[in-house]
Amino acid sequence: MAAPPSPQPRVMVLPFPAQGHVMPLMELSHRLVDHGFEVDFVNTDFNHDRVLKAMAAETGATATGIHMVSFPDGMGPDGDRTNIAMLSNGLPAAMLGPLEEMIRSKKIKWVIADVAMSWVLELAVTAGVRVGLFSTFSAAILALRLHVPKLIEDGILDECGAVTRNETIQLSSKMPPIDAAEIPWARMGSSPDRLRVFMKKVLKTNPAISLAATVICNTFEEIESGALDLVPNALPVGPLEAPLASSSSAAGQFWPEDATCLAWLDAQTRGSVIYVAFGSFTVLNAAHFKELADGLELSGRSFLWAVRPNFTDGVVGEGWLDAFQRRVEGKGLVVGWAPQQRVLAHPSVACFVSHCGWNSTMEGLRHGVPFLCWPYFADQFCNQSYVCNVWGTGVKLLADERGVVTKEEIKNKVEQLLSDKKIKARVAMWKQAACASIADGGSSHVNLLKLVNLLRKQ
Ligand code: UDP
């Protein structure tokens, strides 16, 4: 008689409470469930409710096979959760106790924690739990964070992390140079006080990474090998993807997906649609918002635009978007939250106007969609550089002297992008490389199996 299968260890997955962190960690969780693991996925109460509401708003939402758990985040019901500094400062005090209790009662052996939640390592050490960290950034940004002490020593950054000299940073000969102006925290528009708080966190990355058993990255070896060499114990397993035929619930989304746009895409000509989405955080002011709308209209092309409820700063004017939608009916479709990965995989999509969040960047690359880059903050400028200067799969949208990306700029760059045969060829090449990395025997697939084996070692 065959021996009974040995029980899989229980893995607790702990994302930072923001959409661009919850989604890739949920995608990783699905991969672990596929390999027979029990996964406890920890959201904050606030986000847990949003995920459940998104699920309830959908028809045909499927069970995820993942245990969804939630704890308070330390903020009141009306707390401003877009204030990342305030949100992250309160998390350890609010979550450490409940997490400790859960690790004990559920006999958790492994925690996979977001790099932004690496304070959990303190608890893990005392509770005898092993930790794998997960980076939602590119390996380049992670390598940059690890080199902050050296950059301070070299005088490129001051003690507070502010850029003192505008020069390019060469972290290694195998890595593309990074423009000092693209350092994420230099792009946060932060006051010196906020910068100091942020730097304290960045400086904790090094000790955290040295304590972790592995650093799982949503990237793949073929695109970031130089940067990955600089991250100890890196396991690149990307591009991570939502499960097939996923629903919001399966992907851990905070807003219900409007999947009706897929039928609309079916009715469009192959390679004709501009897809526009700026992730979960970016807020456009009224001038940018209207210029973008006018630019899409002026392009004369079909477009699909994801406009989240909180996407503008609220001064666009009541009814403005409705009037715009009526004006462009038949040509353009506006949805609240798109099933982005399925949209990018759709043959009707021609290009992606994107803020260059790392998840969107990976998803566009994976599905072979060229980029029109319109970054706003944090790592998005560095990601834009990779898209335009390193991989050559996109072009930058440039602001005029008033700081506005004009409608003419949008129209012209769409034409430039779509007529550039070299970009088209590179997009196809990188798509093939990304697909090969996650296919059986590909680099990311092999790394995922290494992770599975590591987690099986109790
Ligand atoms: N996304 C989506 N529908 C939308 C807009 C975004 O599903 O209408 C997803 C997108 O696929 C990506 C995530 O939201 O996985 C956004 O992450 P990203 O890192 O690109 O940006 P962030 O939200 O962190 O700024």
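The values are calculated or read from the model by the stated rules, or taken from the named source; none is laboratory data. Remember, predicted model here, so these are calculated numbers, not experimental data. Methodologically, a virtual Cβ is constructed for each residue, glycine included, from the backbone with ideal geometry; neighbour enumeration extends over all protein chains shown.
Could you identify the single residue in Leu123, Leu144 that is modelled with pLDDT of 85 or more and farther than 30 Å from Glu100 by Cα?
The match here is Leu144.
Mind checking which residues of segment 403-426 are in contact with a Leu (Cβ under 8 Å, 6 or more places away or on another chain) and assigned to a helix (DSSP H, G or I)?
Passing the criteria: Lys407, Glu408, Glu409, Ile410, Lys411, Lys413, Val414, Leu417, Ile423.
On the given criteria, is Thr82 surrounded by fewer than 16 Cβ atoms within 10 Å (Cβ to Cβ), touching a residue at least 40 places away in the same chain (Cβ under 8 Å), in the same structural domain as Pro207 (by TED's automatic domain parsing) and not basic (Lys, Arg)?
Spelling it out, Thr82 is indeed surrounded by fewer than 16 Cβ atoms within 10 Å (Cβ to Cβ), touching a residue at least 40 places away in the same chain (Cβ under 8 Å), in the same structural domain as Pro207 (by TED's automatic domain parsing) and not basic (Lys, Arg).
Between a residue in segment 295-316 that is farther than 24 Å from Phe254 by Cβ and any residue that is within 13 Å of the ligand (Cβ to nearest atom), which pairs come within a Cβ distance under 8 Å, given they are 6 or more apart or on different chains?
Leu296/Val276; Leu296/Trp305
Is it the case that Phe377 is surrounded by fewer than 24 Cβ atoms within 10 Å (Cβ to Cβ), under 26 Å from Met26 (Cβ atoms) and in contact with a helix residue (DSSP H, G or I) (Cβ under 6 Å, 6 or more places away or on another chain)?
Yes: the conditions hold for Phe377.
Name every residue in segment 119-140 that is within 16 Å of the ligand (Cβ to nearest atom) and in a loop (DSSP other than H, G, I, E, B), in order of residue number.
Once the filter is applied, which keeps residues that are within 16 Å of the ligand (Cβ to nearest atom) and in a loop (DSSP other than H, G, I, E, B), segment 119-140 yields Thr136, Phe137, Ser138.
How many residues are surrounded by fewer than 17 Cβ atoms within 10 Å (Cβ to Cβ) and more than 22 Å from Asp313 (Cα to Cα) when one looks only at segment 265-302?
Here the count works out to 8.
Scan segment 155-168 and give yes if some residue there is crowded, with 21+ Cβ neighbours inside 10 Å, part of a strand (DSSP E or B), free of Cβ contacts under 8 Å to residues at least 60 places away in the same chain and in contact with a strand residue (DSSP E or B) (Cβ under 9 Å, 6 or more places away or on another chain), otherwise no.
Yes, segment 155-168 has at least one match.
Between Met102, Met23, which is within 26 Å of Glu363 (Cβ to Cβ), among the hydrophobic types (A, V, I, L, M, F, W, C) and assigned to a helix (DSSP H, G or I)?
Within the list Met102, Met23, the selection yields Met23.
Criterion first (touching a Leu at 6+ places or on another chain (Cβ under 7 Å), closer than 25 Å to Ala212 by Cα, in a helix (DSSP H, G or I) and assigned by TED's automatic domain parsing to the domain that holds Phe198) does Ala143 satisfy it?
So Ala143 fits the description; yes.
Matching residues to (1) part of a helix (DSSP H, G or I); (2) near the ligand (Cβ under 9 Å from one of its atoms); (3) buried (at least 24 other Cβ atoms within 10 Å of the Cβ):
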position	(1), (2), (3)
Met362	yes, yes, no
Gly368	no, no, no
Phe381	yes, no, no
Asn389	yes, no, no
Gly392	no, no, no
Glu401	no, no, no
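Tell me the residue from Thr219, Thr214 that is among the polar types (S, T, N, Q), in contact (Cβ under 8 Å) with a residue 60 or more places away in the chain, in contact with a Leu (Cβ under 8 Å, 6 or more places away or on another chain) and under 19 Å from Pro370 (Cα atoms), please.
Exactly one of Thr219, Thr214 is among the polar types (S, T, N, Q), in contact (Cβ under 8 Å) with a residue 60 or more places away in the chain, in contact with a Leu (Cβ under 8 Å, 6 or more places away or on another chain) and under 19 Å from Pro370 (Cα atoms), namely Thr219.
Give all pairs with beta carbons closer than 8 Å in which a residue from segment 40-66 that is crowded, with 17+ Cβ neighbours inside 10 Å and among the polar types (S, T, N, Q) meets a residue that is at pLDDT below 70 and assigned to a helix (DSSP H, G or I); count only pairs at least 6 apart in sequence or on separate chains.
Listed by first residue and then by second, the contacts come to Thr64/Ser249; Thr64/Ala250.
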